[in-house]
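To start, the structure itself, in structure tokens.
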Amino acid sequence: MKGFCENCRDTVEYNVKMVDKEKEIKGKVIQYIGKAAYCDECKEEIFVPEIRDYNLKELDFAYRESENLIRIADIEKILVKYDIGKRPLSLLLGWGEGTLTRYVEGDTPSKPYSDMLKRILEDNEYYLEILGQNKNNITSVAFRKSMAAVERITGSMGNQESKLESAVRYLLMQTSEITPLALQKLLYFAQGFKKAFTDTFMFEEDCEAWVHGPVYHDVYHKYREYGYNPIEEGCLSYENINLTDDDKELLDHIILYFGCYSGKILETMTHSEEPWRLARRGLVDGERSERVIEKRDIDTYFKNVKDKYKMLNLTDIKDYAKDLFSKLYA
């Protein structure tokens, strides 16, 4: 990599390091992890446009996290989920017609606007109410397309929770203490071994290759307040849980063979596996990422594990778990 060093007054090779950064925004100091480029000759920091752009993106992400504001990726999910354009959705909400376009391009929404968008993403009935009340604000074509999307969603889902939500509930009920970090990793292992043994995935949702391993971002946001502490969820029950007996049996074995390890150990385990590493190819250590861990990579990896360890039934998962731990902590 080459850039211009003002100190050397020449084009030089440079290296990139992850560094702690902070920026004051609206009177609040935002801390985040960014990048810095250093000249290989004089070791001084140099300006690189791509790194500036990366740091601005990371600052925006950190600011939204600190203020609990909706992410750009989640705004885009709303548009896809309800088959609605940026301009029509703005008009449905009574906003300026270019508001959603600005938000998707990087402008930060106010807290009330952000909360409304978050609720729309999570609550189909709330969106349906808005669509019905304000249908005269958009064209009949846009209304019909979005109404059809809502009908598809409600028809396929009804009031039943997703498999991912049910798996989370089951894991919380079956374990005495589990941190958000450990929960994420158990979900990931369940997804992988479910595909290996049955050739079907347990969850439709994708997991992402974050710094601390595979993450289902909706689960992260639900339990983020617990940090590194065990999750405390009251009033949980097995009633109407959206899992088959085979799903429950698999989760029981995941708890048995992986649930005995701490979240940090499980994180290290997933870091050693190919799916997470493939998704983070080209990123440096500590670099934030929302890249999806492709399902095909999970499929290939865990099927290879099943073949390598000659797994005939779920109890054979213990051989992989023990071997993985021994290789990392011998």
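Looking at segment 258-288 only, could you name the residues that are of a type in the set (Gly, Ala, Ser) and crowded, with 16+ Cβ neighbours inside 10 Å?
GLY259, GLY263, ALA279
Limited to segment 159-177, what total is found for residues that are of a type in the set (Val, Ile, Thr) and surrounded by 21 or more Cβ atoms within 10 Å (Cβ to Cβ)?
Adding up the residues that qualify gives 1.
If you scan segment 173-195, which residues turn out to be modelled with pLDDT under 95 and either farther than 15 Å from TYR226 by Cβ or out of contact with any helix residue (DSSP H, G or I) (no Cβ under 7 Å at 6 or more places or on another chain) (or both)?
MET173, GLN174, SER176, GLU177
Run down ASP246, ASP252, ASP323 and say which single residue is surrounded by fewer than 16 Cβ atoms within 10 Å (Cβ to Cβ), at pLDDT 95 or above and either of a type in the set (Lys, Arg) or within 30 Å of GLU122 (Cα to Cα) (or both).
Result: ASP252 is the single residue among ASP246, ASP252, ASP323 that is surrounded by fewer than 16 Cβ atoms within 10 Å (Cβ to Cβ), at pLDDT 95 or above and either of a type in the set (Lys, Arg) or within 30 Å of GLU122 (Cα to Cα) (or both).
Under 9 Å between Cβ atoms, at least 6 apart or on separate chains: pull out the pairs that start in segment 286-299 with a residue that is of a type in the set (Gly, Ala, Ser) and end on any residue that is assigned to a loop (DSSP other than H, G, I, E, B) and surrounded by 17 or more Cβ atoms within 10 Å (Cβ to Cβ).
Short answer, once both residue conditions are applied: SER289/ARG280.
Within segment 20-45, can you find the residues that are among the aliphatic types (A, V, I, L, M) and surrounded by fewer than 13 Cβ atoms within 10 Å (Cβ to Cβ)?
Across segment 20-45, the qualifying residue is only VAL29.
Mind checking which residues of segment 120-140 are aromatic (Phe, Trp, Tyr) and either closer than 14 Å to ASP74 by Cβ or not in a helix (DSSP H, G or I) (or both)?
TYR127
Would you mention how many residues in segment 193-207 are buried (at least 18 other Cβ atoms within 10 Å of the Cβ) and under 18 Å from ARG280 (Cα atoms)?
The qualifying residues number 1.
Kindly provide the set of residues from segment 46-83 that are more than 30 Å from MET116 (Cα to Cα) and surrounded by fewer than 16 Cβ atoms within 10 Å (Cβ to Cβ), ordered by number.
PHE47, PRO49, GLU50, ARG52
Can you name the condition, by its number, that LEU171 falls short on among (1) assigned to a loop (DSSP other than H, G, I, E, B); (2) of a type in the set (A, V, I, L, M); (3) within 27 Å of TYR320 (Cβ to Cβ)?
(1)
Which residues, counting only those in segment 88-107, are touching a helix residue (DSSP H, G or I) at 6+ places or on another chain (Cβ under 8 Å) and surrounded by fewer than 18 Cβ atoms within 10 Å (Cβ to Cβ)?
LEU93, GLY94, TRP95, GLY96, GLU97, GLY98, THR101, VAL104, GLY106
As an exercise: evaluate GLU45 against (1) among the acidic types (Asp, Glu); (2) under 20 Å from ASP285 (Cβ atoms); (3) touching a residue at least 12 places away in the same chain (Cβ under 8 Å) and give the number of the one condition it does not meet.
(3)
Please work out which one of (1) closer than 27 Å to ARG281 by Cβ; (2) in contact (Cβ under 8 Å) with a residue 24 or more places away in the chain is the condition GLU161 fails and give its number.
Of the numbered conditions (1) closer than 27 Å to ARG281 by Cβ; (2) in contact (Cβ under 8 Å) with a residue 24 or more places away in the chain, the odd one out for GLU161 is (1).
Could you list, ordered by first residue, the pairs with Cβ atoms under 7 Å in which the first is in segment 73-100 and touching a residue at least 60 places away in the same chain (Cβ under 8 Å) and the second is of a type in the set (Ser, Thr, Tyr), at least 6 apart or interchain?
TYR82/TYR127; TYR82/SER146; ASP83/SER146; ILE84/SER146
The values are calculated or read from the model by the stated rules, or taken from the named source; none is laboratory data. Predicted, not measured: the structure shown is a model, and the values here were computed from it. We place every Cβ from the backbone using ideal geometry, glycine too, and count neighbours over all the protein chains shown.
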